[in-house]
1. Based on alpha-carbon centroids, what's the gap between segment B:22-42 and segment A:516-580 in Å, whole number please?
2. List B:277, A:559, A:479 from most exposed to least, where exposure is judged by having the fewest other Cβ atoms within 10 Å.
3. Which FRET efficiency, nearest 0.05, do residue A:722 and residue A:635 yield, Cβ-Cβ r, R0 30 Å?
4. Please arrange B:251, B:26 by how many other C-beta atoms lie within 10 Å of their C-beta, fewest to most.
5. At 0.36 nm per residue, and after removing the present C-alpha to C-alpha distance, how many nm does the segment from residue A:35 to residue A:587 gain when stretched out fully?
6. Going by Cα centres, segment A:268-302 and segment A:164-240 are how many Å apart?
7. With both bridge residues required to lie in chain A, what share of the DSSP beta bridges run antiparallel, to the nearest 5%?
8. Could you work out the mean count of beta carbons from other protein chains within 10 Å of each residue's beta carbon in B:192-203?
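A short reminder: the numbers here are calculations on the coordinates, not readings from a lab. Just so it is clear, the structure is predicted and the values come from calculations on it, not from any experiment. Every residue, glycine as well, gets a Cβ built from its backbone with ideal geometry; the counts of neighbours run over all protein chains shown.
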């Protein structure tokens, strides 16, 4: 921080966190706020706009009895009992009246406790009407009795609250509290906070309190979008705008008066002198990205002013953290309404940029056609998506527009924070919004737009066999004629003269979603490539030349459904399998493909000539905490593949028999993911044990595998111990290392 | 709380006393880890209760196959470990209902020792269990078992992202209050699902508290990965409040230390009648220890924040690394040799 700049206090970004003694000093009156609340009101505002601070300020300045209640706290036992929270949209209808009944009892008792502390007691008969028959209003007027009642309500099963909400007794009881308060202390002001953090249906009795005909004033604070239909359809007829007013905070966040308000409110916490040191373009960017959120503005200003390094870099990091975290939260809570909200935002941005370097104003998503409400349209889904997005701050009402319960907005703004990218300049004050029109509801709810890369298929075939070469070209032709597959890019292992073929082929397999391999004769190169694909968690489809060739395939390969390409129907079957896997992602994820497990060391096939080396392997592993396991032809191939492919050390014998094919497959899978664990690299190792010498030995091993010299060692039995010990030592050091600290 | 080997459990805890075992069936292979451990050590238990619950796991067909396979393996192993066993259907996201069911089973069995394999309980069931144990409603010795997987799903491979369908903010005890939130504390245990923490913090954010980073013996990568995944959420949370948060690395066996650290948070909160919020998304033993201490020492102010997943991914974990066992001290301390 530059010298001479005053130290910055840690801000209270949430209204709940501000100490009572500081509330009056910190509070700044938001523009458009009524001078006084003469009517009950629903106070709407996105997270961080200052709802709680406002309620706390109103309580501290109220001339009468002010009660500030967090509905999230008072209704929390509902969550514990029902495990339904604020995002619950699927509460069974039979449960709804029970939840409403219990919330009636909970709020009535919470108010009774708060007011008895001030010497105010309401009408007990009216209070009793808010309770189930099994519970009684305490006869004594002490707080302890009410606290006992509160505990009883919390414990009582929901079923006991059947019928409680039907009496609609809560407004009458609270009116009796209001009359009692008025006669002794002055008017009763109920400040009901965090209504957006309770199950929507539990708000039904609370909304009844907004009816202006009662003997008190109630202010309920919540985010837009929450409980929209529940409030709009609330039974007792408290109608927004008629029986109570709606106050939506921060609906003009780009006006000079709002910006001055934010600066003043931030200055009240961080110190006005600190803000004066900030360049104007930083103010402009912070205020633009924070929009109506005081919380975000406080966070960004505070991180700009305090910390190590350059202020501009700190601000950039703060914006990135905030954007990514808020976008992640939005994406994950909207997941059930929208398959990929992040992509929707990115595509909307791309479309509205239309070649420009950056947006020069807000982005508005406009639903220009009102969807019809037939059984098969997407309107209900869209409504839920919009309500959830508004509640979570994933979208917001456009400048100047107020949200009302039951409103179906035709336009929504994308939060500027989500649009931000490094290098963006602040918008000009008179910037006009870009509008993106979406004409069909379902377009907003699907991932669309933008060219997607066509999927690719890799064919591993036996290059020196005419039948296999023909298969490769016939399959491509078959796919070109298939409407589901004609866009699929077909790749294979052919490379140009002079190319380093191993990395080129691996990259092609890496980019493919499906790999088809001709395993006729289980040629090492093909099997290795299939193993490589398996290690990358790609779909692997093994095929053989003809049905007759099935029996010549090793047992471990026959576990998988094999296709053949010997005739037209067989080839069509391969194409159908490719199409199915490409279009059904769940099917492609059916089989379990394990990641590397660092302590696991696997010896594959102990042969008579390798027995001593095998014993040394067991002994060496034990010294450093690795876990040696041995598998052979007698074991279930599925388990062998799972365990060996997840080992960090694989020692396998190669002897030129059919069994070598499994070794090649497993080696392919390990080479595909050459390190184990995460963080500092812990390289996996393959030790291939051969009895033969030099070139004779190398002929038994696929060229692709031998080329992986950084991970593969080919040794005689006498060389095993040294290789294993070396790996175990690396493992020991790695396993004893600590995290980033 | 004492860390045990399964042999210790046999020798010092069960000691031929009437024992009831709970464990949940799951698509995760590790649901069988502790039971196999018990089988390998020739442990005999009077009654086993296999908890089954419904969750949405994808891909569904493969999940069904795995569940069937694990159920068959369970039956084989159970026949060697339990004198008798039964199945109990529970609600995967129940809290109070789950407690009622468990309590009823314990009372009916007249068990003196209860072994609870928490490996494949949902986190909310785990919290409910901790609150039940803390409440002292049952006078038995508790042993908790937990199986560490070989690996957690690599989220960078994620092709089917998982969302959160609801968020529960509720007291661990029956009637905790959110009074004096301005001085509230948080106990954050990050795990391998960073979105869970991000979503929770988007609802309610502690202004200070304890960050418990789990360290698994011989698996530094699990901690590194968790730290990496949660980096951005953590940075935003503490960048301005580094003096208000305490970060501690604890191993899965350090329950005494977890207890002390949580107790410290409780004391700070208690001085101001403030709540302590548990954001427990890391390994279940740590979540269980922290919840147990909170519910036991501070029932009037202990809360949890729990985002409920829309579904699980079949490849959430793989394999079984090892099982660990703990004896939970109850209100009537068990004697240990």
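1. 36 Å
2. Details: B:277 26, A:559 12, A:479 21.
If I rank by nearby Cβ atoms, fewest first, I get A:559, A:479, B:277.
3. Details: r = 27 Å, r/R0 = 0.91.
Given R0 = 30 Å and the Cβ-Cβ separation, E is 0.65.
4. Least crowded to most crowded, the residues run B:251, B:26.
5. On the way: separation 552, 0.36 × 552 = 198.72 nm, distance 6.15 nm.
So the extension gain works out to 192.6 nm.
6. Cα centroid of segment A:268-302 versus Cα centroid of segment A:164-240: 36 Å apart.
7. Details: 7 of 66 bridges.
The answer is about 10 percent antiparallel.
8. Working: counts 0, 1, 3, 7, 1, 3, 10, 9, 1, 2, 10, 11.
Across B:192-203, the average partner-chain Cβ count within 10 Å equals 5.
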